[in-house]
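A.B. asks: Take a look at the following structure, please.
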Amino acid sequence: MAVLLLGAVSDSRDERGQWPLPPPRGPWPETGTFLLHLCQDTSAEVWEWCAGGGAVTDEERWVIERTLASLPEVTSYGRKTPEEMLAIARQDHRVGDILTADLMHEGYGGTLGRGDWRSPLRALADLPGVGAPIAYRDDFWWGKADVSVALCPETPIYGFTRPCEGRGRATDAEKEAVFDRIRRLPGIEKIYAEDPAHAAKARDHISWQMPFGGDRLDDLPETFYIKLADPGAAARIEEAVAGMSGLARVREVTPVAAP
């Protein structure tokens, strides 16, 4: 079992008694975004629903759009370019960091309101021309933090952990050094510490159709999530921790834009 990040740095108090906070208890978002992959001439290799049907037709598109407009759970939708499809698909923590626009096709995307999404997704999946509908709940950290600083996990299997290959999980000393570098910067409001168990829960929340599961915690990084008092502090954080031992990635926590 991975060492809990909060416990590892709980003695890292500065002169004002600051230390990393545990993740907020909530809220856990009930809204989300969706992708509607459409059949292409070669889609049967990926989506079994497309086998024998060829590329989506204009008539099938018309039916798809009428169906999207009729579903109360769909709060907005629109046609998406491969680049826009990619922005939504990158919420998938299994493959998001290795996806590129050339792997995507034109399709539909949009936002989903509160409710049980399984029924509307089944209705869309049954339409001719649809390869697969995929829905993501909104990220737990949207609105709660502005920057994430991920540390090296035990097993670096994801694209963003390539700097950690061959070394194992960040040590207690490395975690403390990264935290100490962040907390001394101006413009920092709060620093949260997320351990692998909470990371698994947050990813299962997003990828509710295919949960990550809690039995592979060593694959997940321990991460500092930072709420900024000054938006300019984001660049200062990245500069301050660049090249530090045990660091996997610095990233802005940016919600997927609505259509």
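Table: residues versus (1) over 26 Å from Arg183 (Cα atoms); (2) crowded, with 21+ Cβ neighbours inside 10 Å.
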residue	(1), (2)
Leu103	yes, no
Gly109	yes, yes
Arg114	yes, no
Arg118	yes, no
Arg137	yes, yes
Phe140	no, yes
Ala145	no, yes
Cys152	no, yes
Cys164	no, yes
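A.B. asks: Take the conditions closer than 25 Å to Thr254 by Cβ and among the hydrophobic types (A, V, I, L, M, F, W, C) and apply them to Ala173. Does it pass?
C.D. replies: no
A.B. asks: Would you tally the residues in the stretch 166-200 being free of Cβ contacts under 8 Å to residues at least 60 places away in the same chain, closer than 22 Å to Arg25 by Cα and buried (at least 16 other Cβ atoms within 10 Å of the Cβ)?
C.D. replies: Residues in the stretch 166-200 being free of Cβ contacts under 8 Å to residues at least 60 places away in the same chain, closer than 22 Å to Arg25 by Cα and buried (at least 16 other Cβ atoms within 10 Å of the Cβ): 3 in total.
A.B. asks: What are the residues in the stretch 80-93 that are assigned to a loop (DSSP other than H, G, I, E, B) and under 17 Å from Gly32 (Cβ atoms), if any?
C.D. replies: If the condition is that a residue be assigned to a loop (DSSP other than H, G, I, E, B) and under 17 Å from Gly32 (Cβ atoms), then Arg90, Gln91, Asp92, His93 are the ones that fit.
A.B. asks: Would you point out the residue of the stretch 12-37, among those that are in contact with a strand residue (DSSP E or B) (Cβ under 9 Å, 6 or more places away or on another chain), over 30 Å from Pro82 (Cα atoms) and open to solvent by less than 100 Å² (accessible area, probe 1.4 Å), that is modelled with the lowest pLDDT?
C.D. replies: Applying the filter and picking the extreme gives Gln18.
A.B. asks: Return yes or no: is Ser148 in a helix (DSSP H, G or I) and polar (S, T, N, Q)?
C.D. replies: So Ser148 fails the test.
A.B. asks: Moving to a separate point now. For the stretch 70-79, indicate whether the set of residues that are within 22 Å of Ile206 (Cβ to Cβ), modelled with pLDDT of 90 or more, in a strand (DSSP E or B) and of a type in the set (Lys, Arg) is non-empty.
C.D. replies: no
The values are calculated or read from the model by the stated rules, or taken from the named source; none is laboratory data. Since this is a predicted model, take the numbers as computed values, not measurements. FYI the Cβ positions are ideal-geometry reconstructions off the backbone, even for glycines, and counts take in every protein chain you see. Surface accessibility is based on the protein's heavy atoms, side chains included, excluding ligands, DNA and RNA. Shrake-Rupley method; radii C 1.70, N 1.55, O 1.52, S 1.80 Å.
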